[in-house]
Ligand SMILES: Nc1ncnc2c1ncn2[C@@H]1O[C@H](COP(=O)(O)OP(=O)(O)OP(=O)(O)O)[C@@H](O)[C@H]1O
């Protein structure tokens, strides 16, 4: 079954498929030559003819060649498969990078990027070349058998058509239901990942049993639909195999009856038998490859969904140099609405002069995080502009932007790398001394030293062996190591006690002498060093002032 969209997705190289098909056809030709010589050799042996020896030598040669072709087929298919997978995964990951984190589901994406792409590989490198072989070889073999026994050829032709076409009737149904099964699989994968990531939380709230039951019900649904699929698929394969066995038996019977009438030499019955097998071998191989490649067909919707996901920002900025330090950052008449809603931020204008520290305060849901997402260009404003160093943020390339603006959130991502490598995320060339200075400023140095291998300790996934406050301080140190002229700190001290919060933020303000700092905070301790402040409410700037935010604006924020 050909699927145009799947071929486009794989960017499948027709030359590679043709080469794989050519090897398949060559293998069949060798089988046919073997069948012809085997019949002749049997005849010669029965007659006691001295021709038997050269014919047996040819047979040995053909068998050797066949082994060589089989040896060449597998590595070639693997190479083409690797190309298809690498190319498609690169496209998928490129698209995913542009999709805002909030709109991604890790489990579903993992299912598509891993299993879906693997299925596509099997479809392109196994099923498609074999389809070409099936379209050509059985026809050729039937014509050849016709030169020995037209009746046997007639039987073979009918049986081959049944073996090829009958299962294809069920294929459409299989693919339709397979796509539904794939959806179930993606959803289950998504829920599994979500549950795995929150096991401690689920236990804490006593919800693990409930979630376990829900997953079990979903898994049972997937099992039922998989078994249904398998049943249909077995019927498919069964009809094909039946046609094949009956066809071979009838063809041989027809050849034997020709031989008894003297229309065929007895040894040639052996040739017809071997050729009949060769007529059906590509068909059984196709059925085998269909089952491997069928996953790719069912995953097409998931692959399409990732590739057609609308990127939140169009990355076409050409400015390659990061903004100079210090740089201003500003929002000018900026409005952003979340798709399908009327919430976000409205007509926000605020300017953070070079080297200044500005605090953004506001009640929960007032638009602070939305503003941060605009500053890091996770989203683009519907109206207005974000300016970095008086230049539109959109004109910076992704790399230049990430070297210019570093955002730290209250729940930072840490990698299962060594502490040192985590600290060097933004600057691979930072020296050990620079790492230590930043860690001391963020008051995390002693904690890191106390780890089993100090700074060389490899963190657990997402820094799981650290407390919330320690993770936040490590992320602050990491941001300090960077040379980004703008730091955006989004409630980065929410897990620290008031004393530590004050000290760390004082060190950050002192450290960032030439840096522009935007602090999003609910507490006075986090913004005690601010040069000016803005208060948001309902997505708009409702108050502003110089110095740290007033307790009134902070209390308003806490309301
Ligand atoms: N992905 C989203 N899709 C739709 N609406 C959203 C999304 N994220 C935020 N919102 C809405 O946009 C508004 C502003 O949210 P935002 O997260 O910016 O507030 P916030 O001030 O950062 O809140 P908090 O202090 O609780 O983090 C809220 O009404 C929120 O419900």
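Here, each number is a calculation from the coordinates, and none is a lab measurement. Because the structure is a prediction, the values reported are computed rather than measured. Ideal geometry is used to build each Cβ from the backbone, glycine not excepted, and the neighbour counts take in all protein chains shown.
Quick notes on this structure:
- For the range 352-370, backbone nitrogen atoms closer than 20 Å to the point 7 Å from residue 337 Cα along Cα-to-C-beta are found at 365-370.
- Peptide ranges 394-403, 537-546, 312-321 listed from the most packed, as the mean C-beta count within 10 angstrom indicates: 394-403, 537-546, 312-321
- Likely footprinting exposure, 328, 482, fewest C-beta neighbours within 10 Å first: 328, 482
- Axis of helix 468-481 versus longest Cα principal axis of the chain: the two differ by about 90°, to the nearest ten degrees.
- If you plug the beta carbon distance of residue 95 and residue 211 into 1/(1 + (r/R0)^6) with R0 = 30 Å, you get a FRET efficiency near 0.50.
- Estimated FRET transfer efficiency when R0 is 56 angstrom, pair residue 14-residue 551 (beta carbons, to 0.05): 0.20
- Among beta bridges from DSSP that stay inside the chain, the antiparallel ones total about 50%.
- Kirkwood-based Rg to Rh ratio, the chain, C-alpha trace: 1.18
- Take every pair of alpha-carbon atoms less than 8 Å apart whose residues are at least six positions apart; their mean separation over the length of the range 13-308 yields a relative contact order of 34 percent.
- The angle separating the long axis of helix 150-197 from the principal Cα axis of greatest extent in the chain is about 20 degrees.
- Alpha-carbon Rg with Dmax, taken over the range 13-308, Å: 25.2, 87
- Short to long, the 10 Å bins of the Cα pair-distance histogram for the range 472-559 hold 16, 51, 28, 4 percent of all pairs.
- Mean Cβ neighbour count within 10 Å, used as a protection proxy, ranking 202-214, 277-289, 84-96 highest first: 277-289, 84-96, 202-214
- Sequence-distant contacts, meaning Cα pairs under 8 Å at least 6 residues apart, place the relative contact order of the range 329-558 at 30 percent.
- Distance from the Cα centroid of the range 286-324 to that of the range 196-265 is 29 Å (rounded to whole angstrom).
- Proxy reagent accessibility, fewest Cβ within 10 Å first, across 417, 533, 511: 417, 511, 533
- Neighbour counting of Cβ atoms within 10 Å sorts the residues 137, 361, 300, fewest neighbours leading, into 300, 137, 361.
- Computed [θ] at 222 nm, deg cm²/dmol, the chain (DSSP H ≥ 4; -39,500 (n - 2.57); rounded to nearest 500): -20500 deg cm²/dmol
- DSSP bridge orientation in the range 329-558 - percent antiparallel, rounded to nearest 5: 50
- In terms of overall dimensions, the C-alpha atoms belonging to the range 266-371 reach 99, 36, 19 Å along their principal axes, ordered largest to smallest.
- Angle between the chain longest axis and helix 128-148 axis [Cα atoms, degrees, rounded to 10]: 0
- Both numbers refer to the Cα atoms of the range 21-155; Rg and Dmax are 23.4, 81 Å.
- Entry for the range 329-558 at q = 0.09 Å⁻¹: log10 I(q)/I(0) = -0.36, Debye formula applied to identical alpha-carbon scatterers, no solvent contribution.
- Normalised by the number of residues in the chain, the average gap of Cα pairs under 8 Å and 6 or more apart makes the relative contact order 15 percent.
- Net length available on complete extension from residue 135 to residue 265 is 43.8 nm, with 0.36 nm assigned per residue and the Cα-Cα distance removed.
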